[in-house]
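The values are calculated or read from the model by the stated rules, or taken from the named source; none is laboratory data. Being a predicted model, the structure only gives us computed values, none of them experimental. In this analysis, Cβ positions are derived from the backbone assuming ideal geometry, glycine residues included, and neighbour counts consider all displayed protein chains.
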Amino acid sequence: MTNLTNTNTSDSSRPSGADRARLTIRALLMGDRIDTGGLERPDMIASAPFAIRVGDRGFAALFRYGVVVLAGLSPVEEDDFLRMLAPRISGPLPRLDQEVATMEATAEREDQVPPGGPIQVRDLAPERFLVVADALAKSVAMAHYERQVSAVFDVIDPLARDLAREGRLPNDRKRILKIIGEALLVDHRMSGRVAVEDKPDVLWDRSDLERLYARLEDEYELSERARTLARKIAVVQETARALTDLIDAKRSARLEGTIVLLIVIEVIIGLVQFTMGAVH
């Protein structure tokens, strides 16, 4: 299965020379989703993710889960491209998360991803850009979800602390259900949209780039972060469910007590009426 589109890869269309040996890549989380329908064009690089050339030496890749990755664009080109893309973004975020990296062509070496340094690749071909873009897109999306889950922990931690120290349950069941919903939403987006464990489609055609992706996966700790995030989501869900179960049990006990009290009152009233009737 291939998603790469054949394009002209002559020297005139690829970065070359000392001034073109390096590209700065920015991955931006723009919103919940990006609609790429109808953007297809003859010179596109790939269809999944949708990727095209921009300007003389730039690339852009759009990931449906809300991330756009840009490389080699001037500030003006970047602003124009993002402005064009804005109507296609659903659920735009007030704050843009970003991940920045540098891809450097070193033809005499193997593809390397040194810690803290530029990503060293044999050339700045579109296929290598797609591999790097996939890793950066997943990383920036997970950073956003990690922050969301941390915010949920900040809410649920005091509730669990009050229960542990004072045996006091929260009264707002709706708030707890919202916490469960937020955790489920992050879990759905992680597994259904970002699919961190899935490799980029470009590797179907370029198996020689498997090592580059593996090194990027290690550098950005994609699998480890995904597992940690899944564990945190599970803890949030279990804690929230336990709190709601306790709240429901407390309400049930209160309701049962109320029913018993009403029955007792009704019996007393009946006895009083019977006694008064017997006297008369």
Restricting the stretch 50-78 to residues that are under 19 Å from M103 (Cα atoms) and touching a residue at least 60 places away in the same chain (Cβ under 8 Å), the one nearest to the chain's Cα centre (by Cα) turns out to be V67
Residue hits (the stretch 37-72; in a loop (DSSP other than H, G, I, E, B) and either hydrophobic (A, V, I, L, M, F, W, C) or surrounded by 17 or more Cβ atoms within 10 Å (Cβ to Cβ) (or both)) are L39, M44, I45, A48, P49, R57, Y65, G66, G72
All-but-one check, S191 against (1) at pLDDT 70 or above; (2) closer than 24 Å to V68 by Cα; (3) in a helix (DSSP H, G or I), failing number (1)
Check: If we scan the stretch 89-108, do we find a residue that is exposed (fewer than 12 other Cβ atoms within 10 Å of the Cβ), touching a residue at least 24 places away in the same chain (Cβ under 8 Å) and over 25 Å from M30 (Cα atoms)?
Finding: no
### Message
Tell me whether the stretch 123-136 contains one or more residues that are touching an Asp or Glu at 6+ places or on another chain (Cβ under 7 Å), assigned to a helix (DSSP H, G or I), within 24 Å of I52 (Cβ to Cβ) and among the hydrophobic types (A, V, I, L, M, F, W, C).
### Response
yes
Requested in this report: Go through the residues of the stretch 96-117 one by one and say whether even a single one is in contact with a strand residue (DSSP E or B) (Cβ under 9 Å, 6 or more places away or on another chain) and either at positive phi or in the same structural domain as E238 (by TED's automatic domain parsing) (or both).
Outcome: no
Restricting attention to the stretch 200-246, the residues that are buried (at least 18 other Cβ atoms within 10 Å of the Cβ) and of a type in the set (G, A, S) number exactly 2
